[in-house]
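Asks: What follows is a structure written as structure tokens; I'll ask about it next.
Just so it is clear, none of the values below were taken in a lab; they were calculated from the coordinates. All values derive from a computational prediction rather than experimental measurement. Neighbour counts are summed over all protein chains in view; Cβ atoms, including those assigned to glycine, are modelled from backbone coordinates with ideal geometry.
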Amino acid sequence: MTRFPHTSQPIRLAVLTLAASLAGCSTVSDWFGGSDHGYRSQARQVEALQVPPDLSQLNNRTVEPGTVISAAAMQTDGSKPRAVTATPGGPRVALNAVGDVRFEHLGNERWVHSALTPEQIWPQVRNFWAEQGMTVETENAETGLMETAWYEDRSKLPNDIVRNTLGKIFDNLWDSGLRDKYRTRLERDAAGGTNVYISQQGMAEVFTDRERNNLVWRPRPNDPQLEALMLSRLMLKLGAQDSDAKAVASAAPAPTAKTNEVPIIPAPRSLADVPNQIEVADGFDRAWRRVAQSLDRHGFTVEDRDRPQGLFYLRYADPTLAGKEEPNFFQKLFGAKELGAAGKYRVKVQSAGEKSTVLILDNTGKQVTDENAKRILQMLLDDLR
């Protein structure tokens, strides 16, 4: 969606008149300099990175270099498969390792592993997000968490004559109605290396009435393909292999929803249907990773982690500090009155043989089943089922 259709009738007529007058000029693009990159941060502006460039589809070829195939040959030899060889010196595709950095996955879980320590990785991750044109809004080295500000993917805006003509002057008239942010989590492994996890959150601006007058922000489903794309780019950043970077730069971008076809997270089930604790058919190690990823994707602030005890310490941010025009997840979820300074909980993951149990504790370590605890379990339930 764009904001342009919602402007007043006189403004629209004026803009369209100006567009018509400029459309016939072949030198309009020469009048206004600058370039338009895909993302617009909601905090301070960060200079857009030129590399990697916009992603384009790989030019797949099924013909050996230097050979010629005729229609007759295809008819006579159609039953014989032709050998396909890689172009000498061409980029490698779908990399899962660059140097000592590996892209790992288990089921739907994905992460990047490096032999470097978290202390060595931390500044590189911060630089990585700046290179993507995003602003790091919050970071906590003690907990290994770093989060970007909400940003807009401007590449989803319509590419028509009106915007192409006037976008350089009145670009703020257009808005995709979509926002995304990323959270990066660093964990030290037993050998002293680092596992890096990236989670994505999305919001969409949607109409609440048939007259299309009222707009509100609502959560979009998590996009694992965007997470995998960012992890691949981070792997190349940490591996520092320019030749391998061409493979990812040439890969097709992850499909995303059109601006007028935004899937919205459905209304949650009744809290009465949420169990007091969740039984997970995974051992402790995998259950711990899945819970950590789910907490990241839902935007919880994790103050601390105690893996030997299976504990995540949660704190809720004050919703009154968030901007009113941008997505405010916790205000939507809990309501401003329910989020006070004492809104702290612990998520407990405890082993039960080959399975695990997830429950919510209060700040004293006692299990709780109040509404806020049920809301936390409600979100975890969708990811852990």
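Asks: Got a sec to turn the phi values of region 373-385 into Karplus ³J(HN,Hα) couplings, 6.51 cos²θ - 1.76 cosθ + 1.60 with θ = phi - 60°, whole Hz, x for Gly and Pro?
Replies: 4, 5, 5, 5, 5, 4, 6, 5, 4, 5, 8, 9, 5
Asks: Please sort 196-203, 374-381, 357-364 by packing, taking for each peptide the average over its residues of neighbouring beta carbons within 10 angstrom, highest first.
Replies: Values: 196-203: 23.0, 374-381: 19.8, 357-364: 16.9.
Descending mean neighbour count gives 196-203, 374-381, 357-364.
Asks: Now for a different question. Give me Lys355, Lys237 sorted ascending by neighbouring Cβ count inside 10 Å, so fewest comes first.
Replies: With the fewest neighbours first, Lys355, Lys237 line up as Lys355, Lys237.
Asks: Tell me the label-point distance for the pair Ala281, Glu354, using the 7 Å Cα-to-Cβ offset, in nm and rounded to one decimal.
Replies: Taking the two extended label points, one gets 1.1 nm.
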